[in-house]
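Heads up, the thing below is written out as structure tokens.
The values are calculated or read from the model by the stated rules, or taken from the named source; none is laboratory data. Since this is a predicted model, take the numbers as computed values, not measurements. Glycine gets a Cβ as well: all are built from the backbone with ideal geometry, and neighbour counts include every protein chain shown.
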């Protein structure tokens, strides 16, 4: 038996007979990355003629079930399903849509788009932007989905452009959209540094004051992602567990999509600007759901 087949067998044993061995399921899920978990899922079908997702549906419950189902899926297919959920039903979940789109890298976009088309027979960009109107954050999302962060700007000129765009009455959002959706990460970081050095203000604070409501969320998140992706991930994670009650859908989404990349000390260190990630997860979740979240982030 291959290692993946052995782990598929361990999952079968964990869910067979009376009672479920949730701890074994958490162990298998958290000791593998998303590519390996997909292999385990395929091995499960080959060995037992059963869909692993359906077995989780049958044997588990609540947010623990949803998290485990998500992490054993193809990562980009899971992302596509989350996007579909955000735009389905009575009205779009704008906050969720903004967060799911503006955490996409240029490499992610075509993969998610392909999965979206395969799963739902729709063009992803058209499906998620067609009903959003002409507000600033919708324009940013449309530009972001082009996936062309390839331009190297002169840092000083870029900083000056953004300063002029925010000066006086009204904001020229087109300048912010252009730079946020086309600059390379390195170029954007240099613009950010040049802005602070010349104008004695943090660019993020300027964005925060120039935009409101969902546009503020979108432009601040895009800024964070371009400056340092892990900061954007931590910010989204913090929003999902901050305040009265957690936003479990987003907590599950961020864990599914990014825990494999920033496990252990990296997420602990980056999150420290908001607090202690272990304490916050423990304070807002419980049971096997809490244990699974901590294990997936490598925090146990």
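Yes or no: residue 112 closer than 23 Å to residue 3 by Cβ and not in a loop (DSSP other than H, G, I, E, B)? Even if it seems obvious, please write down each step before you answer.
On the way: closer than 23 Å to residue 3 by Cβ: no; not in a loop (DSSP other than H, G, I, E, B): yes.
The answer is no for residue 112.
Filter region 53-65 for residues that are buried (at least 19 other Cβ atoms within 10 Å of the Cβ) and more than 14 Å from residue 20 (Cα to Cα) and give the result. Within region 53-65, just 63 meets the criteria. With the structure loaded, tell me whether residue 245 is at pLDDT below 95 and under 29 Å from residue 59 (Cα atoms) or whether it fails that test. Answer is yes for this residue.
Scanning region 218-237 for residues that are touching a residue at least 24 places away in the same chain (Cβ under 8 Å), assigned to a helix (DSSP H, G or I) and more than 12 Å from the chain's Cα centre (by Cα) yields 218, 219, 222, 223, 226, 227. With respect to the conditions (1) in a helix (DSSP H, G or I); (2) closer than 18 Å to residue 76 by Cβ, residue 164 lacks only one, and its number is (2). Does region 253-265 contain any residue that is surrounded by 18 or more Cβ atoms within 10 Å (Cβ to Cβ), at pLDDT below 95 and assigned to a helix (DSSP H, G or I)? Among the residues of region 253-265, not one is surrounded by 18 or more Cβ atoms within 10 Å (Cβ to Cβ), at pLDDT below 95 and assigned to a helix (DSSP H, G or I), which makes the answer no. If you go through region 266-287 and pick out every residue that is part of a helix (DSSP H, G or I) and within 18 Å of the chain's Cα centre (by Cα), you end up with 7.
Yes or no: residue 48 under 22 Å from residue 258 (Cα atoms) and modelled with pLDDT under 95? No.
Among residues of region 178-213 being without any contact (Cβ under 8 Å) to a residue 40 or more places away in the chain and not in a helix (DSSP H, G or I), the one that is nearest to the chain's Cα centre (by Cα) is 184.
Scanning region 115-137 for residues that are touching a helix residue (DSSP H, G or I) at 6+ places or on another chain (Cβ under 6 Å), buried (at least 17 other Cβ atoms within 10 Å of the Cβ) and part of a helix (DSSP H, G or I) returns 115, 116, 124, 128, 129, 136, 137.
Any residue that is without any contact (Cβ under 8 Å) to a residue 60 or more places away in the chain and over 18 Å from residue 293 (Cβ atoms) - is there at least one of those in region 28-36? First the steps, then the outcome.
Initially, region 28-36 is screened for residues without any contact (Cβ under 8 Å) to a residue 60 or more places away in the chain, giving 28, 31-32, 35-36.
Within this subset, residues satisfying the condition of being over 18 Å from residue 293 (Cβ atoms) are 35-36.
Within region 28-36, one or more residues are without any contact (Cβ under 8 Å) to a residue 60 or more places away in the chain and over 18 Å from residue 293 (Cβ atoms).
Among the residues of region 69-79, are any more than 20 Å from residue 258 (Cβ to Cβ), out of contact with any helix residue (DSSP H, G or I) (no Cβ under 6 Å at 6 or more places or on another chain) and surrounded by 14 or more Cβ atoms within 10 Å (Cβ to Cβ)? The answer is no, given that none of the residues of region 69-79 is more than 20 Å from residue 258 (Cβ to Cβ), out of contact with any helix residue (DSSP H, G or I) (no Cβ under 6 Å at 6 or more places or on another chain) and surrounded by 14 or more Cβ atoms within 10 Å (Cβ to Cβ).
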